[in-house]
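**Student:** Can you read through this structure? Questions will come right after.
The values are calculated or read from the model by the stated rules, or taken from the named source; none is laboratory data. What you see is a predicted model, and the numbers here were worked out from it, not measured in a lab. Here Cβ is always computed from backbone atoms with ideal geometry, including for glycine, and neighbour counts include all displayed protein chains. In case anyone asks, the SASA skips ligands and DNA or RNA and just uses the protein heavy atoms, side chains included. Shrake-Rupley method; radii C 1.70, N 1.55, O 1.52, S 1.80 Å.
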Amino acid sequence: MKIMKFGGTSVGKPERMHQVAELITKDEESKIVVLSALSGTTNTLVNISDALAEGDKKKAKKLIDDLENHYTSFIGELLKKDELKSKAVKIIAEHFEFLNIILRISFSDALNKDILAQGELMSTKLFSIYLEEINVDHLLLPALEFMRIDGNDEPDLKSIKSSLATLLKKNSNKKIFVTQGYICKNKRGEVDNLKRGGSDYTASLIAAAANASVCEIWTDIDGMHNNDPRIVKKTKPIEILSFDEAAELAYFGAKILHPTCIWPAQQSHVPVKLLNTMQPEAKGTTIQDNVETTGAKAVAAKDGIVAIKIKSSRMLLAYGFLRKVFEVFEKYRTPIDMITTSEVAVSLTIDDTNHLKNIIKELEPFGTVEVDKDQTIVSIVGNLIAEEKDMLNKIFKSIKDIPVRMISYGGSRHNVSFLIQDKYKNEMLLAVNKGVFGM
Ligand code: ADP
Ligand code: ASP
Ligand code: MG
C-alpha cells in the first residue's frame with residue numbers, strides 16, 4: 001500500500017486533475033490518494049469565514065458566488081460526458097447551498113471549521129467523478145470517518161489506525177482509495193482540521209496507520225530545495241534528507257511540508273518522497289532513516305516570531321526558576337521554539353501569539369519582561385552541521401552584516417538557528433546561499 005498526496009496546485013486546474021489520474025494509475029500497487037482543496041479555495045473559505053465573523057454578509061455572499069462560478073467552469077473542463085457533468089454540478093450545488101445557509105445563521109467556531117472543510121470535500125468528489133468517467137475503479141473514503149484529533153487537538157493515531165483498518169478490510173476488493181487531506185473530527189465529534197497545509201499531515205498519518213511502503217507528497221516543485229525558492233533565485237533540490245533534517249526544515253519554515261507532518265512517517269519508518277506533479281520524472285527528495293550525508297543541506301526561515309526576555313538577577317540561578325517559566329507557556333499551550341540563557345536573563349521565542357498578553361502578565365512577577373515582535377528564525381540544517389570543519393566560520397562570515405538577536409546550537413546536532421529582525425530575512429537567506437552553499 002502506498003500513499004500519494006496531491007496538493008492544491010496539483011489539483012487546481014482540470015488538466016492537472018487529469019494528470020493526477022494518470023499518475024495514480026501508472027502502477028498496480030494499492031494506494032490511498034489524499035487530495036487537498038483546489039488551489040485558492042481554502043484561502044477563499046477563510047475569507048468567507050472572516051467576513052461572516054465580522055458580520056459582513058454581503059462580502060461573504062460575493063465570495064461564495066465567485067467561488068461557485070469557479071467550480072462551475074472547472075466542471076465544464078474536467079468532464080466530457082453530460083450525465084457526469086450534471087452529477088458534478090448537483091454535488092457542488094449542495095456544498096454551495098450549505099455555504100448559503102450558513103449566511104443566515106449565527107457564526108461560531110464550529111461553523112468556521114465546517115466552512116473550511118468544504119474545499120477538500122469538493123475536490124475529492126470531483127476527482128472521483130472524473131475517475132468514474134475514465135473507468136478507474138476506486139472508492140471515495142470519507143476522512144471524517146477515520147481521521148481523529150484528541151482533546152489537545154493532536155492526531156489520535158491509535159484511533160485513526162483502527163478505523164482505517166476496518167474501512168480498508170471492508171473494501172478489500174478495491175485498489176485505489178481517494179480521501180480528503182486536512183479535515184478530521186475532533187474529540188467532540190465535530191468537523192475540524194489539521195491546520196493550514198495539513199494535507200501533508202493527513203498523508204503521513206495515513207502512511208503510519210496503514211504501514212505504507214512509501215508516502216509520496218506530490219506538489220509544484222521538484223523536492224525540498226536548499227533555500228526558499230520564493231525568495232532566493234538560485235536554489236537546488238536536495239536528493240536525500242533524514243527524517244530529523246526534514247522535520248527541522250518543515251518546522252522552521254520550509255513551506256513545502258506542514259510543520260509537524262514528519263513524525264508519523266518517521267515513527268513508522270515509512271520513507272517520504274517529495275515529487276513534482278508537473279515534472280513526474282524528476283528525482284525529487286527522499287526522506288528516510290539512516291542518512292549518512294553530513295554538513296549544511298538547507299536553510300529555512302520562519303517569520304512572525306516574538307522574542308521574550310525575562311531578566312531577574314535574583315531568581316534566575318535558583319533551581320526551579322525555568323520550570324516556573326515553562327509552566328506559564330504550558331498553561332497557555334504555547335510552544336517555545338528557541339531558548340538561550342545567561343546568568344541574569346533567559347530569552348525565548350514563540351510564534352503563537354494568541355495568549356501573549358496573559359503570558360507576559362504571568363511572567364512579570366519573575367522579573368523584568370521585554371518583548372520583541374517581528375522577529376524571524378533562520379535555521380541552517382544538516383546532520384552534524386557544526387562538526388564540519390570551518391562550517392560555523394562560513395556561516396558567521398556570510399552573515400557578518402546582519403544584527404543577530406539570539407543564536408541556538410546543540411539542542412540537536414543538525415541545526416544552527418539565528419533570531420533576526422523580519423526585515424533582514426531576505427538578506428540573510430541570500431547571504432547564507434552565497435557563503436554556505438556557494439550559490
Ligand atoms: P501544496 O499546495 O502542493 O501543498 P505548497 O505551496 O504547500 O504546495 O508547498 C510547495 C511550495 O513550497 C513551493 O511552491 C515553494 O514555493 C515553497 N517552498 C518554500 N520553501 C521551500 C523549499 N525549501 N523547498 C521547496 N519548496 C519550498
Ligand atoms: N487546503 C488546506 C490548505 O490550503 C490544506 C492543504 O492544502 O494542505 O491549507
Ligand atoms: Mg502544502
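**Student:** Output the residues belonging to region 149-161 that are open to solvent by 70 Å² or more (accessible area, probe 1.4 Å), free of Cβ contacts under 8 Å to residues at least 40 places away in the same chain and not acidic (Asp, Glu).
**Tutor:** Selection gives 158 alone.
**Student:** Could I ask something else about it? Residues of region 192-208 being closer than 22 Å to residue 175 by Cα, touching a residue at least 60 places away in the same chain (Cβ under 8 Å) and away from ligand 1 (no atom under 12 Å from the Cβ), which ones?
**Tutor:** Within region 192-208, 204, 206, 207, 208 meet the criteria.
**Student:** Another one. Please specify each residue of region 223-258 satisfying the condition of being part of a loop (DSSP other than H, G, I, E, B) and away from ligand 1 (no atom under 11 Å from the Cβ).
**Tutor:** 233, 234, 239
**Student:** Residue 166 is checked against (1) within 16 Å of ligand 3 (Cβ to nearest atom); (2) among the hydroxyl-bearing types (Ser, Thr, Tyr); (3) surrounded by fewer than 21 Cβ atoms within 10 Å (Cβ to Cβ) and fails just one. What number does that condition carry?
**Tutor:** The number of the failed condition is (1).
**Student:** Now a separate question. Specify which of the listed residues (227, 276) is under 18 Å from the mean Cα position of the chain (by Cα) and more than 14 Å from ligand 3 (Cβ to nearest atom).
**Tutor:** After applying the criteria, what remains is 227.
**Student:** Exactly one condition in (1) without any contact (Cβ under 8 Å) to a residue 24 or more places away in the chain; (2) open to solvent by less than 30 Å² (accessible area, probe 1.4 Å) is not met by residue 135; state its number.
**Tutor:** For residue 135, the exception is condition (2).
**Student:** Could we say that residue 282 is open to solvent by 10 Å² or more (accessible area, probe 1.4 Å), within 12 Å of residue 200 (Cβ to Cβ), in a loop (DSSP other than H, G, I, E, B) and in contact with a strand residue (DSSP E or B) (Cβ under 7 Å, 6 or more places away or on another chain) here?
**Tutor:** no
**Student:** Is one or more of the residues making up region 16-26 closer than 20 Å to residue 181 by Cα, surrounded by 14 or more Cβ atoms within 10 Å (Cβ to Cβ) and over 26 Å from the mean Cα position of the chain (by Cα)?
**Tutor:** Among the residues of region 16-26, at least one is closer than 20 Å to residue 181 by Cα, surrounded by 14 or more Cβ atoms within 10 Å (Cβ to Cβ) and over 26 Å from the mean Cα position of the chain (by Cα), which makes the answer yes.
**Student:** Residues 164, 121: which one is at pLDDT 95 or above, touching a helix residue (DSSP H, G or I) at 6+ places or on another chain (Cβ under 9 Å) and more than 27 Å from residue 93 (Cβ to Cβ)?
**Tutor:** 164
**Student:** For region 201-219, give me the residue count where each residue is closer than 13 Å to residue 146 by Cα and surrounded by fewer than 24 Cβ atoms within 10 Å (Cβ to Cβ).
**Tutor:** 1
**Student:** Step by step: first the residues of region 194-222, then only those that are assigned to a loop (DSSP other than H, G, I, E, B) and within 14 Å of residue 7 (Cα to Cα), then the one that is farthest from ligand 2 (Cβ to nearest atom). Which residue is that?
**Tutor:** First, pick out the residues of region 194-222 that are assigned to a loop (DSSP other than H, G, I, E, B): 194-198, 210-214, 220-222.
Still in the list and also within 14 Å of residue 7 (Cα to Cα): 196-198, 220-222.
Details: 196: 4, 197: 5, 198: 5, 220: 12, 221: 15, 222: 19 Å.
Here the residue is 222.
**Student:** Restricting to region 357-394, name every residue that is of a type outside the set (Val, Ile, Thr) and over 27 Å from residue 428 (Cα atoms).
**Tutor:** Scanning region 357-394 gives 357, 358, 361, 362, 363, 364, 365, 366, 367.
**Student:** Take the residues of region 77-118 that are part of a helix (DSSP H, G or I), open to solvent by 20 Å² or more (accessible area, probe 1.4 Å) and of a type in the set (Gly, Ala, Ser): which is modelled with the lowest pLDDT?
**Tutor:** Checking each candidate, the answer is 110.
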